[in-house]
Every structure is written in structure tokens, then in C-alpha cells.
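Some notes on the structure that comes next.
Rule-based calculations on the coordinates, nothing more; no lab input. Given the structure is predicted, the values throughout are model-derived calculations rather than measurements. Note that each Cβ is placed from the backbone with ideal geometry, even for glycine, and that neighbours are counted across all protein chains shown.
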Amino acid sequence: MSEKIKLAIQKSGRLSDDSLKLIKECGINVNNGKGKLTSIAGNFPMEFLFLRDDDIPGYVADGVADLGIVGENVVLEKEKNVQVIKNLGFARCRLSLAIPKDREYTGIAYFDGLSIATSYPKILGRFLEKNNLKADIHEISGSVEIAPNIGLAEAICDLVSSGSTLFTNGLKEVEVLMRSEALLIGSPELNARKKEILDRLLFRINSVQTGEKNRYILLNAPNASLDKIISIIPGMKSPTVLPLAIEGWSSVHSVIGEGEFWEVIEQLRAAGAQGILVVPIEKMVI
Ligand code: PRT
Ligand code: ZN
């Protein structure tokens, strides 16, 4: 049997759906039926391990898995010997310190001598040390946000995304320790065959990500405006210009960045463009 690369992904949780979506968008079939711990891709030399996110850095460092998809927060907390291969842009959140909302926050020295509940004792410990603060770290594995209300700690250090969990527990976010997103991590020692498979995977991930960041644009323009319009949407090499059936008009096709979308549309309309269509790009190979 030919060699496969082993990718560890979260079995169930906030990373699972986006990890599977990315794999599928890369054209790789993943069969993650209920209760499965491993599976093999039908059409790519890849094997999947479905694990708890906390275990992923350790499995990758030990070489049980070659690659893993996991939050940066977990990678920094676990301090395992893994390499970060790529930022994946989903599961964005921040690790923050929060205190009861009726307390006046006086700056970072507020935390000196307090007890702080967290599931991230190492990241918090490093942060306190860097700021020359001493605090009592209570490591708990879940529901950190209730700690102040039940008298377990005076502050918490936890992941935040919308902020609603803090709000409903009467807490306020006062310091951000780090920002996190999902990462593709890898074992520092991959053999030549596995590096080749990784390169193929990265090529596909890059094409998906570039496609997501761009839009395909089609419009009609009077021929007299073509020069101006082409200068606004230069595209990958240059736009495609096709004559319309009606005399003196052309259809222009190009690619624009998702972030510049509205600005570009306004400029195009001012330059005389009509019938502007903008459509998503599934994959883009530059
Ligand atoms: O079972 P397993 O150990 O695999 O999963 P888990 O329960 O440890 O992790 P899971 O699935 O909750 O989160 C996996 C990863 O998603 C985290 O390690 C982060 O990298 C990322 N992530 C992104 C988040 C959040 N956003 C997030 N909001 N992880 C957790 N939260 C929690 C947070 O702990 C708090 O309880 O959501 C609550 C806050 O959310 P808001 O929106 O109310 O602010
Ligand atoms: Zn976990």
C-alpha cells in the first residue's frame, strides 16, 4: 500500500466543521461517519485521525499524526515540538482576562495577588511573568466563566469570540493575551514522500483560500470607456474583453479582491459600466 500522510482533526467541536469543509474543498473525500476514530481518503494519499483538540499537538509531536488542524491557543498551551505550517483563518477568537463587570479596572497591576481561573495555565503564567505579576492560577477544564460567581476565583482567563458568555456571567474583558485562529501544524520530521503529499495539499489549500479572497466580475461597458474600466480592474493578467451583439459595447470579465469590492463597483459605475455581476470563485490557481 502506498504511503499516506496522517492528518489529525478535532472529532467534534468548534474546529470540526470548518476543518472538514476545508478538506472537502480541497477535493479530498473524508468519511467521518459516527463514532469513527480513523478513516482513509478515497482519492488522496491521506488518512484521518479524529481526536480531542487538546491531544492533537502531542500526537503530531510524537509522529502518531503527521499533520494536525488545531487552534493556536492549544498549540501555545501544549508547548509540543510541532511546526506551524499555515494559518487557516477560521475559529478566530482571543484569550482574554476578564473581571466582574462592576469592578473598576485600574490596569494590569489589578491582577497582582488575585486568584485567576483558566484552562490555559501556561499561557497565563507566561503573561503574568512577563508583566512581573504574581497571581494564583486555578486550572479548571471547563465552564471557567462561572468561577467568579461561585467564589472560586476573582478573575478568569478564557477564550472569547462574541463576548456574550462573559456578558451573561456578569464579567467584562479587560486584557487580551493573544489572538488565535486554526493552524495547520506538522511534525518537524516528515520524510520526502510525506513532504511531497504535504506540498500537494498546500497547493490545494492555497487555491481555495485565494478563491475565497477574490470575486469574478462581469460587466457591460461602452467601448469608449474600456481603457478606463480596464485600468480599474486589471485582473490576473488582463481582463477578458468580448464584443456584445449590440454595436459599440463590450463585456468585460475580470477578478477583484473581496475587500475592495464596493470601492471598485463605485469606480466602475462612474466610468460607465452597466449590468455588473459579481460571483464567488471556488478555486483560483495563479
Ligand atoms: O472536546 P474537545 O477537547 O476537542 O473540544 P473543546 O471543548 O476543548 O474545544 P471547542 O470545540 O470548544 O473549541 C475548539 C477551538 O475553537 C478552541 O481551542 C479555539 O481555538 C476555537 N474557538 C474559537 C473557541 C471559541 N472560538 C470560543 N468562543 N473555543 C471556545 N470558545 C468558548 C469559550 O471557551 C467560551 O466558553 O466559547 C465561549 C465564549 O464564546 P462567546 O462567543 O460567548 O464569546
Ligand atoms: Zn479541548
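Taking every C-alpha pair closer than 8 Å and separated by at least 6 residues, the mean separation divided by the residue count of the range 164-286 gives a relative contact order of 33 percent. Both radii are taken from the alpha-carbon atoms of the chain; with Rh as the Kirkwood radius, Rg/Rh is 1.11.
Look at where the Cα atoms of the range 264-286 and of the range 237-254 average out, and the two centres are 13 Å apart. Looking at the chain, the DSSP beta bridges with both ends there are about 75 percent antiparallel. With θ taken as phi - 60° and the Karplus curve 6.51 cos²θ - 1.76 cosθ + 1.60 applied, the whole-hertz 3J(HN,Hα) list for the range 233-238 is 10, x, x, 6, 10, 6 Hz, x standing for glycine and proline. Close lysine pairs were tallied over the range 157-286: pairs 8 or more places apart or on different chains with Cα atoms under 23 Å apart number 5. By the helix-only formula, in which each DSSP H run with n ≥ 4 contributes -39500 (n - 2.57) and the sum is divided by residues, the chain has a 222 nm mean residue ellipticity of -8000 deg cm²/dmol. What number comes out for the charge environment of Arg52, summing +1 per Lys or Arg and -1 per Asp or Glu over other residues with Cβ under 14 Å away? The answer is -1.
Counting only C-alpha contacts under 8 Å and six or more residues apart, can you give the relative contact order of the range 1-105 as a whole percent? Result for the range 1-105 is 29 percent.
Contact order, relative form, for the chain: 19 percent (alpha carbon pairs under 8 Å, 6 or more residues apart, mean separation divided by residue count).
When the pairs Lys34/Lys80; Lys24/Lys122; Lys4/Lys122 are compared against a 32 Å limit on Cα-Cα distance, Lys24/Lys122; Lys4/Lys122 fall above it.
What full-extension length gain, to one decimal in nm, is calculated for Leu244 and Arg269 as 0.36 nm per residue of separation minus the Cα-Cα distance? List each step's numbers first, then the result.
Values: separation 25, 0.36 × 25 = 9.00 nm, distance 1.82 nm.
So the chain would gain 7.2 nm between Leu244 and Arg269.
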